[in-house]
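First comes the structure, then the notes that go with it.
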Number of protein chains: 2
Amino acid sequence: MSLHQIRYFVAVAEEEHVGRAAERLRIAQPALSRQIRNLEAEVGTALFERTSRGMRLSSAGALFLSHARAILSSVESATAALRKR
Amino acid sequence: MSLHQIRYFVAVAEEEHVGRAAERLRIAQPALSRQIRNLEAEVGTALFERTSRGMRLSSAGALFLSHARAILSSVESATAALRKR
DNA sequence: GGAGTTTACGAATGTCGTAACTATC
DNA sequence: GATAGTTACGACATTCGTAAACTCC
């Protein structure tokens, strides 16, 4: 699990759409799709339900989302602390 | 900045010695040394002072260490939350 | 000269993008 | 047939380990 994957996950969770999330992240759709799959494989749980119109968070995904945001926020505060000294 | 780098940083900070930290992390010394350098380059500050007997945290490094631990702890709690459901 | 860290360089791994495929409506 | 996600595959980048070099006692 990498910070990249966590950022990717949050983007997809927010957009509920791999295509739009990929556009926002400036990477290609398949790369993003793979990273999400890899993340799900690693945690051993589906984080999204695939619908015909996009991706919806599963209950595990919803649980993970709050943790993911906490992680990214910790990283933010770490870099901010170093920047501001 | 990656989670790997953060874990590497914490190990070196705790051991105050790249060689021992590398052994603990099961990677080679040079790989670890490079990652620490890369991390320092990315944050734009020296996190360690190089002494003749090893590495000692700089003041920026000490500041970063607490943040680094917080990040890793967030990751731990995220994976634990998924594992326990 | 010994202990420790860093640089050089080739090998292995991972990630990306384009193109093609699958599925659902 | 249009929209959305996934798989295949070759290219690019990153990371690793071994070996050699540098530095400070």
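Quick note: the coordinates plus some simple rules give every number you see, no bench work behind them. Everything quoted here is computed from the prediction, not taken from an experiment.
Annotations
- Euclidean distance of C-alpha centroids, region B:1-41 and region A:2-19, integer Å: 28 Å
- When you restrict to C-alpha pairs under 8 Å that are six or more residues apart and normalise by the size of chain B, the relative contact order lands at 30 percent.
- Angle of helix B:3-15 to the longest C-alpha principal axis of chain B, folded into 0 to 90 degrees and rounded to 10: 60°.
- Around the amide H of B:Met55, modelled in the peptide plane, lie the amide H atoms of B:His17, B:Val18, all under 5 Å away and 5 or more residues distant in sequence or on another chain.
- In the distance distribution for the protein assembly as shown, Cα-Cα pairs more than 22 Å apart total 50 percent.
- Rounded to 10°, Cα long-axis angle of helix A:29-43 versus longest principal axis of chain A: 80 degrees
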